[in-house]
1. Given the structure, is VAL206 under 32 Å from the mean Cα position of the chain (by Cα) and buried (at least 19 other Cβ atoms within 10 Å of the Cβ)?
2. Would you mind telling me which numbered condition in (1) under 27 Å from the mean Cα position of the chain (by Cα); (2) crowded, with 19+ Cβ neighbours inside 10 Å ASN213 fails?
3. If you take the residues of the stretch 136-165 that are touching a helix residue (DSSP H, G or I) at 6+ places or on another chain (Cβ under 6 Å) and not in a loop (DSSP other than H, G, I, E, B), which of them is surrounded by the fewest Cβ atoms within 10 Å (Cβ to Cβ)?
4. Check every one of the helices (runs of 4 or more DSSP H) wholly within the stretch 179-285 and list those with 1 or more residues that are in contact (Cβ under 8 Å) with a residue 12 or more places away in the chain, more than 20 Å from THR136 (Cα to Cα) and touching a Pro at 6+ places or on another chain (Cβ under 8 Å).
5. Of all residues in the stretch 190-200 being of a type outside the set (S, T, N, Q) and touching a strand residue (DSSP E or B) at 6+ places or on another chain (Cβ under 8 Å), which is farthest from PHE173 (Cα to Cα)?
6. Can ARG171 be described as within 28 Å of the chain's Cα centre (by Cα) and modelled with pLDDT of 90 or more?
7. Among the residues of the stretch 166-193, how many are loosely packed, with under 12 Cβ neighbours inside 10 Å and of a type in the set (Gly, Ala, Ser)?
Amino acid sequence: MMNRRNDRSLLTDLSLLGVLLLFVVTTLYMTLTAENVLLNAMYLGIAALLVIATYFTGLTTGLVLNLIFIFVQGTYMLYTAVALQQAVEFQLVFWLLMPLLLSISVYALTVNQQLLQQENSVLQREKRQLSILDETTHLRTLTAYLEDTAVYMDTAKRYELPLITITLQFRYFDQLQRLMTADQLHDLILATSEILKHSTRGEDIVYILDSDNLTWGILLYTNTAGGRIVRDRIDRHFEEEIGKQATLQQFDIQLRAGIAEYDQTKMKNARDLMDQAEKESNYDV
């Protein structure tokens, strides 16, 4: 991943240097041919339009438009050389190729920058997932959950204890996310995390499994029936407390929960238990 990122950074730097070099060459050319200012201005405008078209519509469309321009320009140059028996001016040759070179270099720079941004987003997401504590809620994260669940599963297997996990999400979270401001969403995350911590026993650990799709998880040594009691207690406590948040009173906020009990014959690792709970939450309507 790091080598690919370094290669991408190098390509971005080379693309930027290419764009700067072409602009310098164009500036020098226009300075040396200042007597043709109107013609140069016209071709510079055409080049700018082709670059903008390539930027917004993609390389394929940009190349097609550039080829159309080259065809028209080349036809005029051929007409000048063959029909009119006149020498083709250098400025026509220069502006024949420069728009294409500018379009390709600007597109390459843009694409590499976008890929760098995407890779940076992936790295930031992986960093959050690998971190033991979530920066916003200070709850243990998915990494800690998977490690702890493996220990819980071994203990449950050895001493034949019932083990469940509960996952909690918001109903209609996509709609809530669109309606809420960033500050309101932040308040919701903090309030929900505190409510969950105070709704469970001291030995039960609350985790935040996904900070983007807002998924919490709880591990408990109990069976499914006991998990339903915990879920009902969370629902009551959540309904009582969330309405006290001044910034959130205008929203209809509800939790949905999924409960999965550890089955050592079907579940081989921590993710199997978590995935089963998330599937069960789809039926909590």
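The values are calculated or read from the model by the stated rules, or taken from the named source; none is laboratory data. Because the structure is predicted, anything quoted here is derived from the model rather than measured. Don't worry about glycine lacking a Cβ; one is built from the backbone with ideal geometry, like all the others, and counts go over all protein chains shown.
1. When the stated conditions are applied, VAL206 passes them.
2. (2)
3. My answer is ALA150.
4. 224-242
5. Filtering the stretch 190-200 for residues that are of a type outside the set (S, T, N, Q) and touching a strand residue (DSSP E or B) at 6+ places or on another chain (Cβ under 8 Å), the one farthest from PHE173 (Cα to Cα) comes out as LYS197.
6. yes
7. 1
The rows are residues; the columns are (1) touching a residue at least 24 places away in the same chain (Cβ under 8 Å); (2) over 15 Å from PHE94 (Cβ atoms); (3) surrounded by 11 or more Cβ atoms within 10 Å (Cβ to Cβ).
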{"residue": "LEU20", "(1), (2), (3)": "no, yes, yes"}
{"residue": "TYR29", "(1), (2), (3)": "yes, no, yes"}
{"residue": "ALA34", "(1), (2), (3)": "no, no, no"}
{"residue": "ILE70", "(1), (2), (3)": "yes, no, yes"}
